[in-house]
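Every number in this text was worked out from the coordinates using simple rules, so none of it is lab data. No experiment lies behind these values; they were computed from the predicted model shown. Because the Cβ atoms are built from the backbone with ideal geometry, glycine has one as well, and the counts that use them run over all protein chains shown.
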Amino acid sequence: MARYFVELAYKGTNYHGWQIQQNAHSVQEEINKALSTLLQEEIMITGAGRTDTGVHAEQLFAHFDSIQPIDAAQLLFKLNSFLPTDIACKQIFEVKEDDHARFSATYRTYEYRISTTKNPFTTELAHYFPYKLDVAKMNEAAELLIQETDFSCFSKSKTDTFTNMCHITEAYWKNHNEQLIFTITANRFLRNMVRAIVGTLLDVGQQKIKVEELTEIIASKNRSNAGKSVPAHGLFLTKIGYPFLKEVKG
């Protein structure tokens, strides 16, 4: 039995998230089906995380085990032929049997993309928000997130997580090609966390709340004190880090 990592990218518009669900179309289901067909064995792929309905991924790693030796280059070509046009496989490579797509990951980076002008070509890939924002204040508030703390105030109330502690290492806004992009990196994220953070920072940018109030909101651990969650279609998982990845890829 050998373990393989798969690097994927997908547009989440037509899927009810990554994870397999009853009576719902998922990214994981499509990949399981394609790999099982190609390898002629039942494959259950495990992802590094579970993106929600409508969320996109520019980089997501997943792993699967196979009882047979695999020609990675040949499988990569065939897999991309089987997968829908909105899911792409970038590479497949063998790893150690205890390397895990989810638990071995050391960090994850997300971007939330806001279109500041109306653009018919980004309606599924950015949140249109034409209102005036104080980006400097939003960045000042974002800096308060860079610490290890309990982020319950940004999490959905009913989750199966054992802790709401997360270690955020970067969080900032930047303007790029008529878009306002929020980048955030952490060791782990809670369900709905990034979208709730963005909604709260937009409140800061519109002067609905003050920068210093963010500290009070986090300390409250109460979701109702934070801002509304922004729509899913502006959210992208962009990068996942592993301690062994450079070594594996050479």
Go through ILE184, GLY205, PHE236 and say which Cα lies farthest out towards the positive end of the charge dipole of the stretch 107-238; charges sit on Cβ, +1 for Lys and Arg, -1 for Asp and Glu. PHE236
Find, among the GluC sites (Glu not before Pro) in the stretch 73-140, those assigned to loop by DSSP (not H, G, I, E, B) with at most 16 other beta-carbon atoms within 10 angstrom. GLU97, GLU124
For LYS239, the aspartates and glutamates lying under 12 Å Cα to Cα, once residues fewer than eight places off in the same chain are dropped, come out as GLU7, GLU58, GLU111
Compute the FRET efficiency between GLU216 and ASP98 as 1/(1 + (r/R0)^6), taking r as their Cβ-Cβ distance and R0 = 45 Å, and round to the nearest 0.05. 0.60
Neighbourhood net charge (13 Å Cβ-Cβ; Lys/Arg +1, Asp/Glu -1) for PHE236: +1
Considering only the other residues whose Cβ falls under 11 Å of the Cβ of HIS56, what net charge follows from Lys and Arg at +1 and Asp and Glu at -1? -3
Roughly speaking, what is the centre-to-centre gap between the stretch 199-232 and the stretch 73-88 when only Cα atoms are used, to the nearest Å? 41 Å
Counting only pairs 8 or more places apart or on different chains, how many lysine pairs in the stretch 107-238 have C-alpha atoms closer than 23 Å? 24
Scan the stretch 153-229 for GluC sites (Glu not before Pro) in coil per DSSP, keeping those whose Cβ has at most 15 other Cβ atoms within 10 Å, and list them by number. GLU178, GLU212
Placing +1 on each Lys and Arg Cβ and -1 on each Asp and Glu Cβ in the chain, then taking the dipole about the Cα centre, the residue among ALA136, SER26, LEU8 whose Cα reaches farthest towards the positive end is ALA136
Within-9-Å neighbourhood charge of HIS167 [Cβ basis; K, R +1; D, E -1]: 0
Which of the lysines could be linked to LYS96 by a straight reach, that is with a Cα gap under 17 Å, when you skip same-chain ones fewer than 8 residues away? LYS246, LYS249
Under a Cβ-only charge scheme (Lys and Arg +1, Asp and Glu -1), can you give me the dipole magnitude of the chain about the Cα centre, in debye to the nearest 20? 600 debye
Going by a ≥ b ≥ c, the root eigenvalues of the Cα gyration tensor, does the chain fall in the rounded group (a/c under 1.5), the prolate group (a/b larger than b/c) or the oblate group? prolate
Name the residue, out of LYS239, LYS137, LYS118, whose mean-square fluctuation peaks in a Gaussian network model built on the chain with Cα pairs under 10 Å. LYS118
By how many nm would the segment from ARG50 to SER81 lengthen if fully extended, with 0.36 nm per residue of separation less the alpha-carbon distance? 8.7 nm
DSSP-assigned coil residues among chymotrypsin sites (Phe, Trp or Tyr not before Pro) in the stretch 131-195, each with at most 11 further Cβ atoms within 10 Å: TYR131, PHE162
Partner lysines whose C-alpha sits under 20 Å from that of LYS33, ignoring same-chain residues fewer than 8 away, are LYS11, LYS78, LYS90
For the chain, calculated [θ]222 nm from helices alone, where every DSSP H run of n ≥ 4 adds -39500 (n - 2.57): -7000 deg cm²/dmol
Zone residues, the stretch 209-250, relative to LYS174, backbone N less than 17 Å from point 7 Å out along Cα-to-Cβ: 236-240
Per the Cauchy relation, a quarter of the hull surface: what is the mean projected area of the convex hull of the alpha carbons in the stretch 107-238, in nm²? 7.5 nm²
Computed ³J(HN,Hα) along the stretch 165-175: with the Karplus parameters 6.51/-1.76/1.60, θ = phi - 60°, integer Hz and x for glycine or proline, the list is 7, 9, 10, 8, 9, 8, 7, 7, 10, 8, 8
